[in-house]
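Notes follow once the structure below has been shown.
Values quoted throughout were computed directly from the atomic coordinates according to the rules given, and no laboratory measurement underlies them. A quick note: this is a predicted structure, and the numbers were derived from the prediction, not measured. Every residue, glycine among them, receives a Cβ derived from its backbone with ideal geometry; neighbour counts consider all protein chains shown.
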């Protein structure tokens, strides 16, 4: 695939993976992207997942013919992008590896060598001339590993963005970018909003016409849309006004209360009322929605004098990713000594810039006139 006259795509699609990074469901697979810059000197940008090494090398060989690559540029050492470094370096014995000092330290850990006699160590502000194309290197630590560099091609105005602007999904499946990019960002990069903000500030100084990420499609049009979304996500601001209700229920009484609350919110005109049964939903989608919308209601039972495990897991996913700038309410259920609301709030107490609702719903076993009135009050407060 031709990105520009001199930049070609040599990545692969993976439809065999069931869980990306061992936890994220990817029904439409994954793409592991790699690129080749053709110039007086040839640079290959990153490798691909271990299972696709030969397919990747075959693409490079078919593209280059009798020519050999001069540089392998390693922006990110996560194995889905670095697994084939050793295989590549064995095949192309005159190639130089270009990467950050931290990446070379990881390289030695993964492969037993850092290619000391065939390496160029780069840092923020360094450049590499290929001929017509000059590559400028930009440090992007903790987006989302500490060794990450991104690369800007001055000639074609292309940003090779490592895992930034990536998404779930193979490239031979058409789907909306924002949904799977949001789930990917929140799940994998979301903890590192400050670092992403720092990278966006650096990117703002560059004239970027194309973004080439390591996952997902190459972005060539309306780049402001993608940059604005990344700014929203990384500054932990709600993307849309709406209410997410995340709940757990054992015998159906809490579920009944949640359904009543959702109906009242919709009747009162609340936009985007989304309900997740945490025991059955894709947890990553529930987390994605919690970050997407402006308000969150947590509803669970008192369990072992605490909160139900799926709810605890969900809240920890939020706090691990610096959940903030939202309004949160609680609904608890217990047949004796209900403590779930107190437990949920305690898990969020160290989170920044959360506003807790004035109204809390307390259910004693099943809905009653009192708890129905509390649901009405909470719906009024949220709408």
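Among 179, 129, which comes first, then next, by fewest other beta-carbon atoms within 10 Å?
Starting with the residue having the fewest Cβ neighbours, the order is 129, 179.
Among 119-125, 69-75, what's the highest-first ranking by average C-beta atoms within 10 angstrom per residue?
For the peptides 119-125, 69-75, the packing ranking is 69-75, 119-125.
Ranking 81, 68 by Cβ neighbours within 10 Å, fewest first, what do you get?
Details: 81 23, 68 14.
The most exposed by this proxy come first: 68, 81.
Given contacts defined as C-alpha pairs under 8 Å and at least six residues apart, what's the relative contact order of the chain, whole-number percent?
Worked out over the chain, it gives 11 percent.
Grab the beta carbon distance between residue 335 and residue 90, set R0 = 56 Å, and tell me the FRET efficiency rounded to 0.05.
0.30
Give me 178, 371 sorted ascending by neighbouring Cβ count inside 10 Å, so fewest comes first.
178, 371
Roughly how many Å is it from the Cα centre of region 88-139 to that of region 254-269, as a whole number?
Spelled out, the Cα-based centre of one part sits 56 Å from the other.
How much mean residue ellipticity at 222 nm does the chain get from its helices, if each DSSP H run of length 4 or more adds -39500 (n - 2.57) and you divide by all residues, to the nearest 500 deg cm²/dmol?
Roughly -9500 deg cm²/dmol at 222 nm, from the helical runs in the chain.
Pairing the Cα long axis of helix 253-267 with the longest principal axis of the chain, what angle in degrees results, from 0 to 90 and rounded to the nearest 10?
80 degrees
Gain in length, residue 2 to residue 223, computed as 0.36 nm per residue apart minus the alpha-carbon separation, to one decimal in nm?
77.7 nm
What's the angle, to the nearest 10 degrees (0 to 90), between helix 193-203's Cα axis and the longest principal axis of the chain?
40 degrees
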